[in-house]
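Reading through the structure tokens given below for one structure.
A short reminder: the numbers here are calculations on the coordinates, not readings from a lab. Predicted model, so just to flag it, every value in this text is computed and none were measured. Heads up, the Cβs are rebuilt from the backbone with ideal geometry, glycines too, and the neighbour counts pull from every protein chain shown.
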Amino acid sequence: MASTIGAPRGTRDLLPDQTPAWDRVEAVARDLARRYAFARMEIPLFERVELFARGLGESSDAVSKEMFRVAGAAGSDEERADWALRPEPTAGVVRAFIEHGMHVRPGPLRLSMIGPMFRYDRPQAGRYRQFTQWDVEVLGDPGPAVDAELIELATRFYAEVGLTDVVAHVNSIGDATCRPAYRAALVSYFGAHVDRLTDDSRRRLQVNPLRVLDDKQLDPDLADGAPRSADHLCDECRAHFRSVLDLLDALGIRHVIDHRLVRGLDYYTRTTFEFVIAGREGQQQALGGGGRYDGLTELLGGRPTPGIGFGIGLDRTILAMDEQRVTLPKAGPLVAVVGTGPADHADRLRVAGALRDAGLAVRPDGSARKLGKQLESAVKAGAAWAVIVGEELAGGEVTLKDLATGEQQAVGIGSVAGLVRAP
Ligand code: AMP
């Protein structure tokens, strides 16, 4: 026997018993996108490496360690791996915004998409090499109201999928005016304690000192004493942050200020936020996160346009739903169509078609087995009802059988949908 081939490390197959939860979270995300007036937008799953290098920063983990590179066909111009699978969507969205001259559209632009992201990271629970995000981006709105609106939107998403105790961590990391002084304060502070830093943090201190605060291994006492960005904001950034916090208070959104929340990518400015289950901070990875990126469009060659967005990890959202034993809304009843005649398949398929016209989920039995066997299979497949096609079909009737109670009655095809949907 030939050896079998497994799925690539860090990827998952979603089997039919797992997909109802996915259908649910995707439906909630799409419906929220509609209610919050976000339009769907799609971009390729891969882009030029250079886009990510410039947009996310060479020093970010996503670029320096986790790029999933893609090469063209052997012998082609793209044989060198100049493309990478997208680790996050914002750089691609902003690339498309510039490429299609979208700044001329009536703004602010509110965009939404659901799709896979790829990071060549070490796989573990809740961390995959291919994972799915619901992403929203707003271009052309400097906030602060939209900052609060996005945090409120994400909070509402978690509530609507059935999660409890989700808390928003928020921070402001300033802008090009005040960040340099804050960086300098961090360099001077951590520089005096290099011996207590991990190797990774020592490297971060050289290239992007804010990211030392992101290091999960950072000595907690050292972290507590570190300079806080909120204390180093310029007047405009301080007023902006204050307004975001006031709006969150006014809306009753559960949040805490998290001075270590700098996020891993270079492009963030001002508001940063992440969502975690309260009391589980540190023990688990975030369920989602985002922030403002007012400088990114310019960095990628477009005209200055403020931006803000978030990415919600659907894999982790579903893991948290499993942990909290969230029950999914019940799916509609499944109807099996079975037949008494071995050669009545045209009738079965016609009846199935009529029931589907009425909106029902229908599974016709395609076998020539005895009726009893067909009914057994229907129960195993999860059908709540069987529609038995027999001689009465000539008069437009079928037998409707309740598979839980065994009761059955002759009914007109047109009344089946009403009867199986009745509470
Ligand atoms: P980030 O931009 O890294 O904060 O990612 C946003 C969200 O995507 C995170 O809060 C996670 O919920 C999710 N996420 C990021 N990386 C992974 C991964 N490797 N596996 C699963 N989910 C992830």
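Values as computed for the structure displayed
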quantity: At most 13 other Cβ within 10 Å, DSSP loop - trypsin sites (Lys or Arg not before Pro), the range 82-172; calculated: none
quantity: Lysine pairs within the chain, Cα separation less than 20 Å, 8 or more sequence positions apart or different chains; calculated: 6
quantity: Dipole magnitude (debye, nearest 20) for the range 115-200, charges at Cβ of Lys, Arg, Asp, Glu; calculated: 400
quantity: Order by protection proxy (mean Cβ within 10 Å, highest first), peptides 188-199, 330-341; calculated: 330-341, 188-199
quantity: Cβ-based exposure ranking for Arg263, Arg30, in which fewest neighbours within 10 Å come first; calculated: Arg30, Arg263
quantity: Highest-MSF residue in the chain out of Ala286, Ala159, Ala320 [GNM, Cα springs under 10 Å]; calculated: Ala159
quantity: Assigned charges on the beta-carbon of Lys, Arg, Asp, Glu; the chain dipole about Cα centre (debye); calculated: 420
quantity: Isolated Cys in the chain, by beta carbon distance under 4.7 Å; calculated: Cys237
quantity: Residue among Phe310, Phe97, Phe118 with the largest mean-square fluctuation in a Gaussian network model of the chain, springs linking Cα atoms under 10 Å; calculated: Phe97
quantity: Cα-based convex hull, the range 334-421, per residue volume (Å³, whole number); calculated: 80
quantity: Cα lying deepest toward the dipole's positive end in the chain, options Ala250, Pro89, Gly126, charges on Cβ; calculated: Gly126
quantity: Å³ per residue enclosed by the Cα convex hull of the range 196-295; calculated: 119
quantity: Test item: Cα-centred dipole of the range 334-421, Lys/Arg +1 and Asp/Glu -1 on Cβ, debye; calculated: 340
